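Encoded as structure tokens, the structure appears first; notes follow it.
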Amino acid sequence: MDQFITFNPDYVLKPDEGRTLVMATLVGRNRLNGISDSFTNTIHPIYAMILSFIDGREYYECINEASQILETPKELIDGFIKKLVNNPQQVFLKSGNKISAFPPNTIITIPSKQENHRYSPELFSYSEVDLSMRRHRTPSRITLMVNNVCHTNCVYCYQDKRKVVKCTIPLNRIFKLIQEAHELDVKSFDVIGGEFFLYEHWREVLCKLREYGYNPYLSTKIPLSEDDIKFLSKTRICDLQISLDSLIEEHLIPSLKVAPGYADKMIHSLYLLEQYNIPVMVHSVLSKYNDSINDMKSVYEIIKNLSNLIDWHVVKGDESLYSKENYQNIKIDSSSQNSIIDYLEELKKEGKVKIRIPERVIENRVAQTHFSPNQQQLVNFLQRPFCSGLYSSLYILPDGNVTICEQLYWNNKFIVGNILEQNLNEVWNSDKAKDLFYIKQEDIPTDSLCHSCNYFTVCRNTKQVCYREIIRKYGSDKWYYPDTNCPFSKLT
């Protein structure tokens with residue numbers, strides 16, 4: 001019986017100077033099993049060349065062509081493919097002293113022949129191999145913020161809204177940006193607000209993104225009209241995140257500052273999105289205003305039968321760098337959060353909705369404020385996740401300034417260029433971008449532990465620190481302090 005195989009469409013390949021990067025096709029959707037969709041794996045280019053032949057044809061047809069064109073024995077290619085087909089685990093393969101890492105289900109079987117020639121082997125040709133973990137040669141992810149204007153006025157908003165900012169980037173420049181991103185092999189290009197659907201040219205931008213094959217991740221709190229939803233369907237938008245904290249209107253009015261009738265309009269939009277078969281993710285933020293099981297039930301009763309629902313993500317509202325209100329006055333209390341978690345766990349058992357649930361609050365945990373950073377604590381810290389800012393991604397602000405992180409906004413220390421004056425490649429390779437990413441220890445002021453830390457190089461090499469959390473804890477003038485999870489910093 002014929003077996004048809006393909007390189008998993010959930011992943012993309014990107015050539016990158018002596019190595020190939022494997023990344024998620026769609027970022028932010030949390031659809032991958034066993035791995036975060038923010039991952040980047042590095043593989044030997046020869047493996048990428050083989051994967052370019054795994055394109056929906058019959059198993060041995062793929063192998064035979066790869067063997068013939070790459071002049072590699074069939075047995076070797078067959079052995080390589082068998083390690084990856086429908087394998088739910090990550091796979092690590094050694095070539096000499098170099099390790100290639102493959103995500104779960106890199107190759108999958110499909111029920112029938114579905115040829116999809118996504119890649120040419122020549123794309124991954126190489127003269128030397130370098131599989132080191134290092135900054136991407138070109139950005140792999142771009143986010144364009146078009147405004148900080150919203151339909152709602154959420155009490156827990158994390159955005160910097162100290163001044164109203166609308167998009168001043170000319171539409172033609174945005175079109176050129178999308179073209180530049182495609183030419184630089186940028187793999188994802190997202191657009192956000194504020195409220196993206198309040199940007200006057202949102203339709204034109206979506207059309208241009210789809211023209212270049214991008215599937216932007218859209219999130220909204222605005223009730224969408226049927227004309228809007230028809231357009232999204234026609235444009236083949238893959239999915240849409242609908243923010244819905246509750247459908248008890250007397251709770252939404254004080255927390256989102258919306259007018260009466262808002263909840264009914266959002267429900268109507270959800271039904272229209274189902275009618276036009278646009279996949280939807282629902283996102284709920286917990287605060288003191290929607291801290292009851294009834295709030296969660298009000299949402300669940302509407303979404304549980306939606307045929308287009310991907311998942312429901314419930315999160316606790318966090319403190320922001322730019323909070324308008326005292327966080328202690330709006331946060332959900334621990335007992336209410338745990339009660340909601342219990343309720344959501346029971347709903348999961350029904351199996352009608354895929355639910356992502358926040359962490360349970362454990363009271364009376366003894367805080368260790370003075371401890372010696374033993375080896376395991378240090379290892380855990382050094383193995384922390386990568387920060388994507390300047391490593392693989394850029395964030396473009398509505399005025400054209402480019403920063404490294406969505407929540408750092410116009411903090412001048414992290415502005416690395418401006419796309420009204422430079423192209424994307426110039427911003428990515430600017431002195432300011434490189435000086436920040438490859439920050440030197442001697443440039444760290446002496447009042448920071450990082451200035452004299454023996455682990456500075458291994459700590460900062462590619463991974464960086466979370467500047468957002470550092471500023472949240474110590475203030476913007478202390479941006480150079482240690483990462484808030486650094487075991488050494490907890491001694492002070």
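Net charge of the neighbourhood of D78, taken over other residues with C-beta under 15 Å away and scored Lys/Arg +1, Asp/Glu -1, is 0. The eigenvalues of the Cα gyration tensor, multiplied by 5 and square-rooted, give the chain an equivalent ellipsoid with semi-axes of 36, 31, 25 Å from largest to smallest. When the alpha carbon coordinates of the range 448-492 are projected onto the principal axes, the ranges are 25, 24, 16 Å, largest first.
Dipole check for the chain: with +1 at the C-beta of Lys and Arg, -1 at the C-beta of Asp and Glu, and the Cα centre as origin, the magnitude is about 700 Debye. Note on the range 119-235: Cα Rg divided by 2.2 N^0.38 Å, N the number of residues, gives 1.30.
For the range 70-122, the relative contact order works out to 29 percent when only alpha carbon pairs closer than 8 Å and six or more residues apart are counted.
Once C-alpha pairs closer than 8 Å and six or more residues apart are averaged by separation and normalised to the residue number of the chain, the relative contact order reads 13 percent. Given points 7 Å out from each Cα along the Cα-Cβ axis, report the K349 to N153 separation in nanometres with one decimal. With each label point 7 Å from Cα toward Cβ, the separation is 4.4 nm. The accessible area of K82, taken with all protein chains in place and a 1.4 Å probe, comes to roughly 120 Å². Each Lys or Arg adds one and each Asp or Glu takes one away; over the other residues whose Cβ falls under 13 Å from the Cβ of D10, this sums to +3. Taking every alpha-carbon pair under 8 Å whose residues sit at least 6 apart, the range 184-231 reaches a relative contact order of 48 percent. Here the accessible area is traced with a 1.4 Å probe on the protein chains. For the range 162-305, carbon and sulfur cover 49 percent of it.
Taking the range 198-328, how much of its Cα-Cα pair set, in percent, is spaced more than 27 angstrom apart? The share of Cα pairs beyond 27 Å in the range 198-328 comes to 24 percent. What is the count of Lys pairs in the range 121-228 whose alpha carbons sit under 21 Å apart, if the two are 8 or more places apart or on different chains? Lysine pair count for the range 121-228: 8. Towards the positive end of the charge dipole of the range 232-308, with charges on Cβ (+1 Lys, Arg; -1 Asp, Glu), say which of P279, T235, I302 has the farthest Cα. Comparing the listed Cα positions along the dipole, T235 ranks first.
The distance separating the Cα centre of the range 30-99 from that of the range 413-492 comes to 36 Å. Other residues whose C-beta falls under 13 angstrom from the C-beta of G56 contribute a net charge of -3, scoring Lys and Arg +1 and Asp and Glu -1.
Maximal additional length on extending the D318-E442 stretch stands at 41.2 nm, based on 0.36 nm per residue less the C-alpha distance.
The GluC sites (Glu not before Pro) found in the range 79-146 that occupy coil by DSSP, while having at most 10 further C-beta atoms within 10 Å, are E115, E128. For I229, I108, the ranking by accessible surface with the largest value first comes to I108, I229, using a 1.4 Å probe.
Taking all protein chains together, K316, K324 sort by accessible area into K324, K316, largest first [probe 1.4 Å]. When H151, H268 are compared by accessible area of protein heavy atoms, the largest-first order is H268, H151, using a 1.4 Å probe. For the range 3-64, the Cα-based Rg and Dmax, in that order, read 12.7, 37 Å. Here the range 50-141 is treated with +1 on each Lys and Arg Cβ and -1 on each Asp and Glu Cβ, and its dipole about the Cα centre works out to around 580 debye.
Our estimate of slack between S335 and N454, defined as 0.36 nm per intervening residue step minus the Cα-Cα distance, is 38.6 nm.
Surface calculation, 1.4 Å probe, protein heavy atoms: F386 sits at approximately 80 Å² accessible.
Counting only DSSP beta bridges with both residues in the chain, the antiparallel share comes to about 50 percent. Average accessible surface for the chain: 47 Å² per residue, computed with a 1.4 Å probe over protein heavy atoms with every protein chain in place.
The values are calculated or read from the model by the stated rules, or taken from the named source; none is laboratory data. Computed from a prediction, not measured in an experiment: that's the story for all the values here. A quick note on method: Cβ atoms are made from the backbone with ideal geometry, for glycine too, and the neighbour counts reach across all protein chains shown. Note: accessible area is taken over every heavy atom of the protein model, side chains too, but ligands, DNA and RNA are not part of it. Shrake-Rupley method; radii C 1.70, N 1.55, O 1.52, S 1.80 Å.
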